[in-house]
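The values are calculated or read from the model by the stated rules, or taken from the named source; none is laboratory data. Bear in mind the structure is a predicted one, so any value in this text is a computation, not a measurement. Glycine also receives a Cβ, built like all others from the backbone with ideal geometry; neighbour counts cover every protein chain displayed.
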Amino acid sequence: MVWINAVLQGVLLGGLYALFAAGLSLMFGVMRFVNIAHGDFIVVGAYLILTFVISWGLNPIIGVALVLILMAAAGYLNQRFVLNRVLGKDILPPILVTFGLSIIVQNGLLELFSADSRKLPTGTWETSSLALTDQIAVGLLPFLMFLTAVGVIAAMQFVFYRSALGRMLRATSDDPEIVPLMGGNNARIFAIATALASLVVGIAGIWLAMKTNFDPAAGPARLLFAFEAVIIGGLGNIWGTLLGGIILGVAQTVGAQIDAGYQILAGHLVFLLLLVLRPKGLLPKVSH
Amino acid sequence: MTRLLETQGLTAHYGDFQALFGIDMTIDAGETVAIIGSNGAGKSTFLRALTGLRPTAGQSVQFDGQSIAGLPAYRIHKLGLAMVPEGRRLFPSLTVEENLLIGAAGGRKGPWSLKSIYDLFPDLVAKKHNPGTALSGGQQQMVAIGRALMSNPKLVLCDEISLGLAPKIIKDIYQAVPQIRANGTSVLVVEQDVGQALAVATRVYCFMEGRVSLTGTPASLTRSQIAQAYFGLTEEAH
């Protein structure tokens with residue numbers, strides 16, 4: 001029974017990893033570039049919600065709305081005025097710039113919030129649980145987190161494959177040189193894609209704040225989990241990202257069940273194993 | 001007739017290499033103009049300059065009464081200048097219908113819609129939910145033309161639309177040109193197939209090494225004139 005429990009908790013944890021990964025997957029899918037500061041932006045989202053709700057005492061709903069609006073707007077502006085300038089055939093400049101952003105963000109957070117580990121208390125949500133059987137119960141918080149992940153992935157899938165915006169995003173991903181001949185402004189399309197991704201980063205940051213302890217240096221590890229989830233699931237497959245997150249989560253909780261010290265290592269080992277067996281990921285690119 | 005497009009002394013460079021040496025061209029509304037010329041004559045470069053894919057800032061390019069030199073490609077597109085790019089360049093992850101709808105993203109009003117494109121190319125109806133790249137070459141070309149028309153352009157540029165297609169398919173595709181013109185869209189085709197170009201065009205420009213080597217109506221040009229303008233050789237008299 002402990003094993004079933006470990007797997008179940010892993011699936012729910014996978015929801016968090018899928019949230020980490022979703023924004024990264026979207027940006028890579030449309031613009032073919034990897035945002036090294038992705039994990040740090042998630043941590044920024046976590047500090048924002050902490051500031052709004054705890055320091056300023058805002059209503060949590062207003063706090064969440066503010067975080068999402070701020071993140072999306074910052075993502076749009078960052079893409080439009082910084083990242084678009086370095087996008088091109090050479091993949092190195094955007095990596096270097098986002099690496100620099102990562103350092104700036106980490107040190108900025110350290111300056112503002114100190115190195116203390118923080119967490120957003122969620123009151124009764126933390127202790128409530130849903131009893132599935134006599135012996136297995138899931139916490140309300142992880143359960144809601146998983147539902148959020150499924151909802152976010154489903155919404156992204158809908159936008160990508162059912163809306164005019166998604167059509168333009170896919171076209172841009174296919175052949176950015178030709179898109180202007182269809183009236184599309186690449187700079188603006190990229191900025192919209194990053195705004196959407198940053199919205200998801202905000203959601204991930206809020207769940208990070210509620211679920212675990214975080215500190216200004218927590219970003220790179222989130223980036224790593226996000227990478228692993230995207231690669232396991234298959235680049236360019238949105239549901240694959242959810243699957244990748246779940247596999248990573250299950251590997252970690254089962255590893256922790258064997259020995260608490262194996263949690264992180266087990267996740268990385270499963271990732272490496274899948275990289276050897278299925279280097280292109282579990283699900284194929286592009287599913288309608 | 002109103003002047004739709006006019007370039008004066010248009011030049012283009014790829015680094016140190018100069019591809020166009022002062023192209024003067026005019027297209028009036030309702031015309032079908034063909035550009036012929038051998039590989040490397042600058043035909044495609046000229047189209048890319050018109051659409052904004054090649055920089056033209058500071059030069060003289062008038063379209064529909066305003067200067068479009070130096071405008072970004074997406075702005076030029078919204079003024080009513082669409083292109084069927086060489087090699088079709090359909091979006092592989094989009095279906096046929098989605099490829100067509102992308103063409104309408106600029107939001108220009110006019111006679112072209114999904115329905116009128118399907119009327120023009122009935123072959124596409126059964127394939128509309130297939131990925132654009134799963135079609136035959138001729139059908140892909142129809143999608144590429146339809147995608148350009150969906151923006152309801154005043155002028156559509158067709159770059160080598162017969163390249164790599166069977167003669168019968170080429171004939172089918174060129175049958176659409178009169179219907180395109182009937183809907184008020186002028187056409188500029190780039191062709192290596194001289195016979196096809198002369199058959200479809202009201203006026204022909206021949207390019208050689210980045211310059212206009214000959215221009216006139218198909219009826220006014222002789223074979224030897226064209227051969228000389230095309231290859232830069234004087235045709236042997238026997």
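What are the pairs, 6+ residues apart or on separate chains, where a residue within the stretch B:166-178 that is surrounded by 12 or more Cβ atoms within 10 Å (Cβ to Cβ) has its Cβ under 8 Å from a residue that is aromatic (Phe, Trp, Tyr)?
Correct list of pairs: B:ALA176/B:PHE121.
Within the set of pairs 6 or more residues apart or between chains, which connect a residue that is in contact (Cβ under 8 Å) with a residue 60 or more places away in the chain and among the β-branched types (Val, Ile, Thr) inside the stretch A:97-123 to a residue that is in a helix (DSSP H, G or I) and surrounded by 13 or more Cβ atoms within 10 Å (Cβ to Cβ) with Cβ atoms less than 6 Å apart?
Sorted first by the residue in the stretch A:97-123, then by its partner, the pairs are A:VAL105/A:ASP40; A:THR122/A:MET210.
Looking for something modelled with pLDDT of 95 or more, closer than 30 Å to A:SER128 by Cα and buried (at least 18 other Cβ atoms within 10 Å of the Cβ) - is there at least one such residue anywhere in the stretch A:179-191?
No, the conditions are met nowhere in the stretch A:179-191.
Suppose we filter the stretch B:46-60 for residues that are crowded, with 22+ Cβ neighbours inside 10 Å and either of a type in the set (A, V, I, L, M, F, W, C) or more than 11 Å from chain A (Cβ to nearest Cβ) (or both); how many remain?
Residues that pass the stated criteria total 5.
If you go through the stretch A:213-230 one residue at a time, do you hit one that is more than 26 Å from A:TYR76 (Cα to Cα) and buried (at least 24 other Cβ atoms within 10 Å of the Cβ)?
no
Could you tell me whether any residue of the stretch A:5-14 is farther than 23 Å from A:ALA221 by Cα and either of a type outside the set (Val, Ile, Thr) or touching a Leu at 6+ places or on another chain (Cβ under 8 Å) (or both)?
yes
Please work out which one of (1) within 12 Å of chain A (Cβ to nearest Cβ); (2) part of a strand (DSSP E or B) is the condition B:ALA19 fails and give its number.
Single failed check for B:ALA19: (1).
What is the number of the single condition among (1) surrounded by fewer than 17 Cβ atoms within 10 Å (Cβ to Cβ); (2) hydroxyl-bearing (Ser, Thr, Tyr); (3) under 15 Å from A:ILE247 (Cβ atoms) that A:SER55 does not meet?
So A:SER55 meets the others, but not (3).
Identify, by number, the condition in (1) surrounded by fewer than 19 Cβ atoms within 10 Å (Cβ to Cβ); (2) touching a helix residue (DSSP H, G or I) at 6+ places or on another chain (Cβ under 8 Å); (3) at the interface with another protein chain (Cβ under 10 Å from one of its Cβ atoms); (4) not in a loop (DSSP other than H, G, I, E, B) that B:ASP123 doesn't meet.
B:ASP123 satisfies every listed condition except (3).
Which of the residues that make up the stretch B:69-120 are in contact with a strand residue (DSSP E or B) (Cβ under 8 Å, 6 or more places away or on another chain) and more than 13 Å from chain A (Cβ to nearest Cβ)?
B:ALA69
Applying the selection to the stretch B:129-145, what residues are closer than 22 Å to B:LYS171 by Cα and either within 14 Å of another protein chain (Cβ to nearest Cβ) or hydroxyl-bearing (Ser, Thr, Tyr) (or both)?
Result: B:GLY132, B:THR133, B:ALA134, B:SER136, B:GLN140, B:VAL143, B:ALA144, B:ILE145.
Any residue at all in the stretch A:144-164 that's aliphatic (A, V, I, L, M), within 10 Å of chain B (Cβ to nearest Cβ) and touching a strand residue (DSSP E or B) at 6+ places or on another chain (Cβ under 8 Å)?
No, because not a single residue in the stretch A:144-164 is aliphatic (A, V, I, L, M), within 10 Å of chain B (Cβ to nearest Cβ) and touching a strand residue (DSSP E or B) at 6+ places or on another chain (Cβ under 8 Å).
Among residues belonging to the stretch B:77-100 that are under 20 Å from the mean Cα position of the chain (by Cα) and not in a loop (DSSP other than H, G, I, E, B), point out the one that is farthest from B:ALA176 (Cα to Cα).
Here the answer is B:LYS78.
Of the conditions (1) of a type outside the set (D, E, K, R); (2) touching a Phe, Trp or Tyr at 6+ places or on another chain (Cβ under 7 Å); (3) touching a residue at least 24 places away in the same chain (Cβ under 8 Å), B:ALA201 satisfies every one except a single condition; which number is it?
All conditions pass for B:ALA201, except number (2).
Among the numbered criteria (1) surrounded by 19 or more Cβ atoms within 10 Å (Cβ to Cβ); (2) part of a loop (DSSP other than H, G, I, E, B), which one does B:LEU4 miss?
It fails just one condition, (2).
Anything in the stretch B:126-158 that is part of a strand (DSSP E or B) and over 16 Å from B:ILE180 (Cα atoms)? List them, or say none.
Hit for the stretch B:126-158 is B:PRO131, nothing else.
Condition test on A:ASP116, is it in contact with a strand residue (DSSP E or B) (Cβ under 8 Å, 6 or more places away or on another chain) and either away from chain B (no Cβ under 14 Å) or over 22 Å from A:LEU13 (Cβ atoms) (or both)?
No; evaluated as a whole, the condition is false for this residue.
In the list B:VAL33, B:VAL61, which residue meets the criterion of being closer than 18 Å to B:ALA201 by Cβ and either in a strand (DSSP E or B) or of a type in the set (Ser, Thr, Tyr) (or both)?
Selected residue: B:VAL33, the only one of B:VAL33, B:VAL61 that is closer than 18 Å to B:ALA201 by Cβ and either in a strand (DSSP E or B) or of a type in the set (Ser, Thr, Tyr) (or both).
Could we say that A:VAL64 is surrounded by fewer than 19 Cβ atoms within 10 Å (Cβ to Cβ), touching a residue at least 24 places away in the same chain (Cβ under 8 Å) and assigned to a helix (DSSP H, G or I) here?
yes
Could you list, in sequence order, the residues of the stretch A:165-185 that are facing another protein chain (nearest Cβ under 7 Å) and of a type outside the set (Gly, Ala, Ser)?
A:ARG167, A:MET168, A:ARG170, A:ASP174, A:ASP175, A:ILE178, A:PRO180, A:LEU181, A:MET182, A:ASN185
Do you know which of the residues in the stretch B:50-68 that are among the small types (Gly, Ala, Ser) and touching a strand residue (DSSP E or B) at 6+ places or on another chain (Cβ under 9 Å) is farthest from B:ILE23 (Cα to Cα)?
This residue is B:GLY65.
Residue-by-condition table, conditions (1) farther than 30 Å from A:ILE54 by Cβ; (2) touching a residue at least 12 places away in the same chain (Cβ under 8 Å); (3) among the small types (Gly, Ala, Ser):
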| position | (1), (2), (3) |
| --- | --- |
| A:PRO176 | yes, no, no |
| A:LEU181 | yes, no, no |
| A:ALA187 | yes, yes, yes |
| A:ALA195 | no, yes, yes |
| A:SER198 | no, yes, yes |
| A:ILE206 | no, yes, no |
| A:PRO216 | no, yes, no |
